[in-house]
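Quick notes on the structure that follows.
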Amino acid sequence: DVKVTQSSRYLVKRTGEKVFLECVQDMDHENMFWYRQDPGLGLRLIYFSYDVKMKEKGDIPEGYSVSREKKERFSLILESASTNQTSMYLCASLRTSSTGELFFGEGSRLTVL
Amino acid sequence: DQQVKQNSPSLSVQEGRISILNCDYTNSMFDYFLWYKKYPAEGPTFLISISSIKDKNEDGRFTVFLNKSAKHLSLHIVPSQPGDSAVYFCAAYTWGGNKLTFGTGTQLKVEL
């Protein structure tokens, strides 16, 4: 059974704290993604990676960075959390040259106080 | 520029009736269209997809229709059940590419 695992389901952080969200996939997919979901705004792409150590900005990269040191692991970093980064964060993976089926993790609900 | 649009943010349907969720796109280069379902506090799950060379794909209660000339697709759920209440996202993918383009989602509520 294919799996994308996100390290934390729920986090509460204070403004200015550094936040790490970890994601691991076991499908040997080349591509990994971080989205955030907010009511009425759909799924917005923050960053994606198409290979180890490679990354590309998505639609809303400001305030975020990412790291992909191993193929199976993709981390999202909030250097200095702010209240407007309170959201549901979703990690996903995709095999290149597939039919487009993206596999999502369970999500991480981050609250910044 | 939004290449995939879901113009109805919400839809309410009675149990047992048909639910029709709509999606429009602008890029004729998309090869696959997908529908995802999302419950609160969970990640989206893949529901059904269709290749751009087809006009219909069916899986149980779910059918997706594609009208390429109108650049429009729709998801039909028959009969609708309370467990279908969720947010539905339409997405599009170009083969060989490395990302999907999502619509903003439609909240479906199936009432008893």
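Bear in mind these aren't lab numbers, they're just calculated from the coordinates by the rules spelled out. All of these numbers come straight from a predicted model, not from anything done at the bench. Note: ideal-geometry Cβ built from the backbone for every residue, glycine included; neighbour counts use all protein chains shown.
What to note about this one:
- When A:50, A:10 are checked against the criterion of being loosely packed, with under 13 Cβ neighbours inside 10 Å, more than 30 Å from residue B:7 (Cα to Cα), of a type in the set (Phe, Trp, Tyr) and within 11 Å of chain B (Cβ to nearest Cβ), A:10 stands alone in meeting it.
- Segment B:93-112, subset more than 8 Å from chain A (Cβ to nearest Cβ), of a type in the set (A, V, I, L, M) and assigned to a strand (DSSP E or B), residue farthest from residue B:41 (Cα to Cα): B:110
- Within segment A:86-113, restricting attention to residues that are surrounded by fewer than 19 Cβ atoms within 10 Å (Cβ to Cβ) and more than 7 Å from every other protein chain (Cβ to nearest Cβ), the residue that is farthest from residue B:40 (Cα to Cα) is A:98.
- Checklist (1) in contact (Cβ under 8 Å) with a residue 12 or more places away in the chain; (2) within 19 Å of residue A:37 (Cα to Cα); (3) crowded, with 18+ Cβ neighbours inside 10 Å applied to residue B:25, failing item: (2)
- In this structure, residue B:15 does not qualify as within 8 Å of chain A (Cβ to nearest Cβ) and of a type outside the set (Gly, Ala, Ser).
- The set of residues from segment A:45-87 being under 16 Å from residue A:15 (Cα atoms), of a type in the set (A, V, I, L, M, F, W, C) and within 14 Å of the chain's Cα centre (by Cα) comprises A:77, A:78.
- Strands (runs of 3 or more DSSP E) enclosed by chain A - at least 2 residues per element that are among the aliphatic types (A, V, I, L, M): A:10-13, A:19-25, A:42-51, A:73-78, A:87-94, A:108-112
- Within segment B:18-68, restricting attention to residues that are within 16 Å of residue B:106 (Cβ to Cβ) and not in a strand (DSSP E or B), the residue that is farthest from the other protein chains (Cβ to nearest Cβ) is B:18.
- In segment A:53-78, residue surrounded by the most Cβ atoms within 10 Å (Cβ to Cβ) [restricted to those that are among the acidic types (Asp, Glu) and more than 9 Å from every other protein chain (Cβ to nearest Cβ)]: A:72
- Total residues in segment A:33-45, condition touching a residue at least 40 places away in the same chain (Cβ under 8 Å) and not basic (Lys, Arg): 6
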